[in-house]
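Undergrad: This is the structure I want to talk about, given as structure tokens.
The values are calculated or read from the model by the stated rules, or taken from the named source; none is laboratory data. Note that the coordinates shown come from a computational prediction; the quantities given were computed from them, not determined experimentally. When we count neighbours, we look across all protein chains shown, and the Cβ atoms used for this are built from the backbone with ideal geometry, even at glycine.
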Amino acid sequence: MVDLLGHARDGSYFAIMAYATRTDASEDALRRIRAAIRDTTRLATTAGYGPRFLHSTGQLHKGGPPVGLFLQVVQEDAADAPVPDEPYSFSTLKRAQALGDLQSLESRNYPVVRVDLGSSPEAGWKALVEAVQQAVSQKVGRM
């Protein structure tokens, strides 16, 4: 995370792209991560749940000025459903969209970190908040 923040420059922003289930824990974690980034680095932040954000801020990420710092958060879905008349499920489709988004950012050489929340998303969000808070405190120490 410190490496990601090291790419910041004038005009940069920090984008959190959560391919995760929206819960109270995820909302709290996103709020805390955004506050830590904003308050410590003075970067503007965005956050969105994928794949829905691809039609809004996702356009800025890949079509706007190359100043974004990207954190992609992924998790396995607790429930899945088949896509009618297709050989894949909605979870498979969402994972493919997350991977395509990651590859698109990487192909542009944009700074991006992907974090998998693991088997316990609530614990994963908590650990991610702690990692971001530690990273911003290290970043401040280097300034």
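Undergrad: What number of residues within the range 88-106 are in a helix (DSSP H, G or I), farther than 26 Å from residue 41 by Cβ and either touching a Gly at 6+ places or on another chain (Cβ under 7 Å) or not aliphatic (A, V, I, L, M) (or both)?
TA: Of the residues in the range 88-106, the ones in a helix (DSSP H, G or I) are 90-106.
Okay, now just the ones that are also farther than 26 Å from residue 41 by Cβ, so 90-97, 99-100, 103.
Next cut, either touching a Gly at 6+ places or on another chain (Cβ under 7 Å) or not aliphatic (A, V, I, L, M) (or both) only: 90-92, 94-95, 97, 100, 103.
Selection size over the range 88-106: 8.
Undergrad: Residues in the range 18-32: is at least one at negative phi, in a helix (DSSP H, G or I), of a type in the set (A, V, I, L, M) and in contact with a Phe, Trp or Tyr (Cβ under 7 Å, 6 or more places away or on another chain)? Give the derivation first.
TA: Here is the first cut: in the range 18-32, the ones at negative phi are 18-32.
Subset that is in a helix (DSSP H, G or I): 24-32.
Right, trim to of a type in the set (A, V, I, L, M) and you get 25, 29-30.
Next cut, in contact with a Phe, Trp or Tyr (Cβ under 7 Å, 6 or more places away or on another chain) only: 25, 29.
Yes, there is a match, as at least one residue in the range 18-32 is at negative phi, in a helix (DSSP H, G or I), of a type in the set (A, V, I, L, M) and in contact with a Phe, Trp or Tyr (Cβ under 7 Å, 6 or more places away or on another chain).
Undergrad: Can we say residue 131 is loosely packed, with under 12 Cβ neighbours inside 10 Å and in contact (Cβ under 8 Å) with a residue 24 or more places away in the chain? Steps first, please.
TA: Details: loosely packed, with under 12 Cβ neighbours inside 10 Å: no; in contact (Cβ under 8 Å) with a residue 24 or more places away in the chain: yes.
So residue 131 fails the test.
Undergrad: Those residues that are surrounded by fewer than 17 Cβ atoms within 10 Å (Cβ to Cβ), of a type outside the set (D, E, K, R) and in contact (Cβ under 8 Å) with a residue 60 or more places away in the chain, I need them from the range 83-128; list them, please.
TA: 97, 113
Undergrad: Within the bounds of the range 61-76, is there any residue that is more than 25 Å from residue 130 (Cβ to Cβ), modelled with pLDDT under 95 and among the hydrophobic types (A, V, I, L, M, F, W, C)?
TA: For the range 61-76, residues more than 25 Å from residue 130 (Cβ to Cβ), modelled with pLDDT under 95 and among the hydrophobic types (A, V, I, L, M, F, W, C): absent.
Undergrad: Restricting attention to the range 111-143, which residues are under 22 Å from residue 43 (Cα atoms), in a loop (DSSP other than H, G, I, E, B) and touching a helix residue (DSSP H, G or I) at 6+ places or on another chain (Cβ under 8 Å)?
TA: Residue satisfying the conditions is 111 alone.
Undergrad: Across the range 33-54, which residue is farthest from residue 75 (Cα to Cα) among those that are in a loop (DSSP other than H, G, I, E, B) and touching a residue at least 12 places away in the same chain (Cβ under 8 Å)? Lay out the reasoning, then the answer.
TA: Let us first name the residues in the range 33-54 that are in a loop (DSSP other than H, G, I, E, B), namely 42-43, 50-51.
Those left that are additionally touching a residue at least 12 places away in the same chain (Cβ under 8 Å): 43, 50-51.
Working: 43: 26, 50: 11, 51: 13 Å.
So the residue we want is 43.
Undergrad: While we're looking at this one, here's another question. Please enumerate the residues belonging to the range 115-143 that are at pLDDT 90 or above and basic (Lys, Arg).
TA: Scanning the range 115-143 gives a single hit, 126.
Undergrad: Go through the residues of the range 15-38 one by one and say whether even a single one is touching a Ser or Thr at 6+ places or on another chain (Cβ under 8 Å), surrounded by 15 or more Cβ atoms within 10 Å (Cβ to Cβ) and hydroxyl-bearing (Ser, Thr, Tyr).
TA: Looking for residues that are touching a Ser or Thr at 6+ places or on another chain (Cβ under 8 Å), surrounded by 15 or more Cβ atoms within 10 Å (Cβ to Cβ) and hydroxyl-bearing (Ser, Thr, Tyr), one finds none in the range 15-38, hence no.
Undergrad: So, residue 78, is that one more than 29 Å from residue 9 (Cβ to Cβ), among the aliphatic types (A, V, I, L, M) and touching a residue at least 40 places away in the same chain (Cβ under 8 Å) or not? Before the answer, list the steps.
TA: Values: more than 29 Å from residue 9 (Cβ to Cβ): yes; among the aliphatic types (A, V, I, L, M): yes; touching a residue at least 40 places away in the same chain (Cβ under 8 Å): yes.
In short, yes.
Undergrad: Out of the range 1-37, which residues are among the basic types (Lys, Arg) and under 15 Å from the mean Cα position of the chain (by Cα)? Full working, then the answer.
TA: Taking the range 1-37 first, the residues among the basic types (Lys, Arg) are 9, 22, 31-32, 34.
Listed by number, the residues that qualify are 22, 31, 32, 34.
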